[in-house]
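The values are calculated or read from the model by the stated rules, or taken from the named source; none is laboratory data. Nothing here was measured: the structure is a model prediction, and the numbers come from that model. Neighbour counts are summed over all protein chains in view; Cβ atoms, including those assigned to glycine, are modelled from backbone coordinates with ideal geometry. Heavy atoms of the whole protein, side chains included, go into the accessibility calculation; ligands, DNA and RNA do not. Shrake-Rupley method; radii C 1.70, N 1.55, O 1.52, S 1.80 Å.
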Amino acid sequence: MPDDLDALYAIQSDETVARWLYNEPRTPEETRELLAHKVGGDALRSEGEWLSVAVVLESTDELIADVSLYWASEAHRQGELGFIVHPSQQGQGYATEASRPLLDFAFGPLGLHRVIGRLEPRNVGSARVLEKLGMRREAHLVENEWVKGEWQSELVYAILAREWDDGSANG
């Protein structure tokens, strides 16, 4: 919602949140542009688009996280899951809870075959979320990207539709 600007800025401008993202902490104007894109965005109609979902605390109606699904390839039926959570709300299961319906959508109506999650190995909280979702670690790319003035590594987690559907991946 447009009224979520202050809460989204609190998340997007936080250095501890941006630490593991490609971008630096966002300015108010950058956050305003990002929110306008999220509010006016399509609901994942084609490859190359993101679907972003606001995570709101039921008790306060406060935006505390942003969970997204990216349609990476139509031909290969691939997607990618991403999430950011306000530091005061991290570790409480909100990213895991909010990711489940997105995976249901990815493997149901969207018809994806595989969804990945990518992260910097030092981001252990995000790795735990992906593992709780039943994703398996498939790759550890060592110092594969120059990010924010240093060589960073990357972990790739993945889950297949059949693993999600049958619960064999603890989904």
Between GLY125, GLY91, GLY149, find the one with the highest GNM mean-square fluctuation for the chain; connect C-alpha pairs within less than 10 Å. GLY149
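What accessible area per residue, rounded to a whole number of Å², is obtained for the range 1-82 using a probe radius of 1.4 Å?
That works out to 60 Å² per residue.
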Please check: in the Gaussian network model of the chain (C-alpha springs, under 10 Å), which one of SER59, SER153, SER68 has the largest mean-square fluctuation. SER59
May I ask you to evaluate 6.51 cos²θ - 1.76 cosθ + 1.60, the Karplus curve with θ = phi - 60°, for each residue of the range 146-157 and list the ³J(HN,Hα) values in order in whole Hz, giving x for glycine and proline? 8, 10, 6, x, 8, 6, 10, 9, 9, 9, 10, 10
Residue-count net charge about ASP4 - beta-carbon cut-off 12 Å; Lys, Arg +1, Asp, Glu -1: -3
Restricting the count to DSSP beta bridges whose residues both fall in the chain, what percent are antiparallel, rounded to a multiple of 5? 90
With the Cα gyration tensor of the range 29-171 giving a ≥ b ≥ c as the square roots of its eigenvalues, does the rule (a/c under 1.5 for rounded; else a/b larger than b/c for prolate; else oblate) give rounded, prolate or oblate? rounded
Residues with amide H under 5 Å from that of VAL147, placed H, sequence gap 5 or more: GLN152
